[in-house]
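The values are calculated or read from the model by the stated rules, or taken from the named source; none is laboratory data. A quick note: this is a predicted structure, and the numbers were derived from the prediction, not measured. Here the Cβ positions follow ideal geometry from the backbone for every residue, glycine too, while neighbour counts run over all protein chains shown.
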Amino acid sequence: MNQNTDSVTIREVGLRDGLQSIARILPTERKLEWIRDAYAAGQREIEVGSFVPARTLPQLADTAELVAYAKTLPGLTVSVLVPNLKGAERALESGAHALLVPLSASHAHSLANLRKAPDDVVQEIARIRDRRDAAGSACRIEVGMSTAFGCTIQGRVEVSEVLRLLRAVLDVGVDQVGLADTVGYADPLMVSRLFEQCFSVAGARLACGHFHDTRGLGLANVYAAWQAGVRRFDACLAGIGGCPHAPGASGNVSSEDVAYLFASMGVATGVDFDALIGLRAKVAHWLDGEALHGTIWRAGLPKTMLAVA
């Protein structure tokens, strides 16, 4: 297992994965402030929204405006989620640096979430790759493989199916792939074993871990993935978000808790902890009344830690 202290990237996905799970619509000016403050706190990759029909997710209707602003911040990688070719075309037009396409390893979840079977989604990803290449765009295409560790609808998801779909998206030419515990079924041993098997297939193109804290194992699973060699993780400020197909879900791992985990181990993330906690306080105020999660914000850093790397 790779346990060195190479720096870790925490991609903030609260503006997309978090806000899409909350009925209220956060004003655009607040989102712009969120992006500005996250950048000031040292975060250098932010998923700012998703190109989906406004009638489906009005919470994310201002994604193009957010991309335009985020692109003005030097050194920031601006990513968006797209569910299909039409969304990808809008992402390419916006000039986003990266687009994330969800692909469920669970057939049942794929039908519920995208109304397509997984192999049909793979073909859509191939069309997205073709459109990106035809446009001469440098936009990175990343696949987020959801329900890789299990599914609340289907139940067990076979490792062989995860590996088959992983090979399929690599074959159609995607740049990166990540594994997601969408419904909080994973445990650290499952995470370690699956990432190690997937690294043997994808190598460096396996580039992200996305964990939910539905059953309290989110940070343990982040640590297991890090031990397996993962150096980039999705997280939501204040632990917001959660899959609608996971009853009782408590949301994603919180950005501030992930930042603390790695700081405590001496692993650099580039994140200013105090600034991130300050932003969390703002978001908590903006989302007053919503369920927020995470733990380190209550107690703060221990006296033995003078700074966060």
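Which one of the conditions (1) farther than 22 Å from SER79 by Cβ; (2) modelled with pLDDT of 95 or more; (3) small (Gly, Ala, Ser); (4) surrounded by fewer than 24 Cβ atoms within 10 Å (Cβ to Cβ) does ALA224 fail to meet, given that it meets all the rest?
(4)
Quick check on region 279-309: of everything there that is at pLDDT below 95, touching an Asp or Glu at 6+ places or on another chain (Cβ under 9 Å) and not in a loop (DSSP other than H, G, I, E, B), which residue is farthest from ILE35 (Cα to Cα)?
ILE296
Per-residue answers, yes or no, for (1) within 21 Å of LEU219 (Cβ to Cβ); (2) in contact with a Cys (Cβ under 8 Å, 6 or more places away or on another chain); (3) small (Gly, Ala, Ser); (4) free of Cβ contacts under 8 Å to residues at least 60 places away in the same chain:
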residue: LEU26; (1), (2), (3), (4): no, no, no, no
residue: LEU32; (1), (2), (3), (4): no, no, no, yes
residue: ILE35; (1), (2), (3), (4): no, no, no, yes
residue: ALA38; (1), (2), (3), (4): yes, no, yes, no
residue: PHE51; (1), (2), (3), (4): no, no, no, yes
residue: PRO58; (1), (2), (3), (4): no, no, no, yes
residue: LYS71; (1), (2), (3), (4): no, no, no, yes
residue: VAL80; (1), (2), (3), (4): no, no, no, no
residue: ARG90; (1), (2), (3), (4): no, no, no, yes
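ALA108 - would you say it is more than 28 Å from ALA224 (Cβ to Cβ) and in contact (Cβ under 8 Å) with a residue 24 or more places away in the chain?
Working: more than 28 Å from ALA224 (Cβ to Cβ): no; in contact (Cβ under 8 Å) with a residue 24 or more places away in the chain: yes.
No, not satisfied.
Can you name the condition, by its number, that LEU73 falls short on among (1) of a type outside the set (Lys, Arg); (2) in contact with a helix residue (DSSP H, G or I) (Cβ under 6 Å, 6 or more places away or on another chain); (3) at pLDDT below 95; (4) not in a helix (DSSP H, G or I)?
(3)
Can you tell me which residue within region 9-59, out of those that are surrounded by 15 or more Cβ atoms within 10 Å (Cβ to Cβ), aliphatic (A, V, I, L, M) and in a helix (DSSP H, G or I), is farthest from the chain's Cα centre (by Cα)?
Among residues in region 9-59 that are surrounded by 15 or more Cβ atoms within 10 Å (Cβ to Cβ), aliphatic (A, V, I, L, M) and in a helix (DSSP H, G or I), the one farthest from the chain's Cα centre (by Cα) is LEU32.
With respect to LEU276, is the statement that it is surrounded by 21 or more Cβ atoms within 10 Å (Cβ to Cβ), among the aliphatic types (A, V, I, L, M) and in a helix (DSSP H, G or I) true?
Yes: the conditions hold for LEU276.
Based on what the data block shows, is GLU65 of a type in the set (Asp, Glu), in contact with a Lys or Arg (Cβ under 9 Å, 6 or more places away or on another chain) and under 30 Å from ARG193 (Cα atoms)?
For GLU65, the condition - of a type in the set (Asp, Glu), in contact with a Lys or Arg (Cβ under 9 Å, 6 or more places away or on another chain) and under 30 Å from ARG193 (Cα atoms) - is not met.
Kindly indicate whether ASP257 is under 16 Å from the mean Cα position of the chain (by Cα), surrounded by 17 or more Cβ atoms within 10 Å (Cβ to Cβ) and in a helix (DSSP H, G or I).
Details: under 16 Å from the mean Cα position of the chain (by Cα): yes; surrounded by 17 or more Cβ atoms within 10 Å (Cβ to Cβ): yes; in a helix (DSSP H, G or I): yes.
So ASP257 fits the description; yes.
Name every residue in region 114-155 that is of a type in the set (Asp, Glu) and surrounded by 17 or more Cβ atoms within 10 Å (Cβ to Cβ), in order of residue number.
Matches in region 114-155: GLU124, GLU142.
Applying the selection to region 223-237, what residues are farther than 14 Å from ARG11 by Cβ and part of a loop (DSSP other than H, G, I, E, B)?
Residue satisfying the conditions is GLY229 alone.
Scan region 80-113 for residues that are crowded, with 24+ Cβ neighbours inside 10 Å, closer than 20 Å to ALA54 by Cβ and not β-branched (Val, Ile, Thr) and report the count.
6
Any residue at all in region 258-269 that is of a type outside the set (Asp, Glu) and at positive phi?
So far as region 258-269 goes, yes, one or more of its residues are of a type outside the set (Asp, Glu) and at positive phi.
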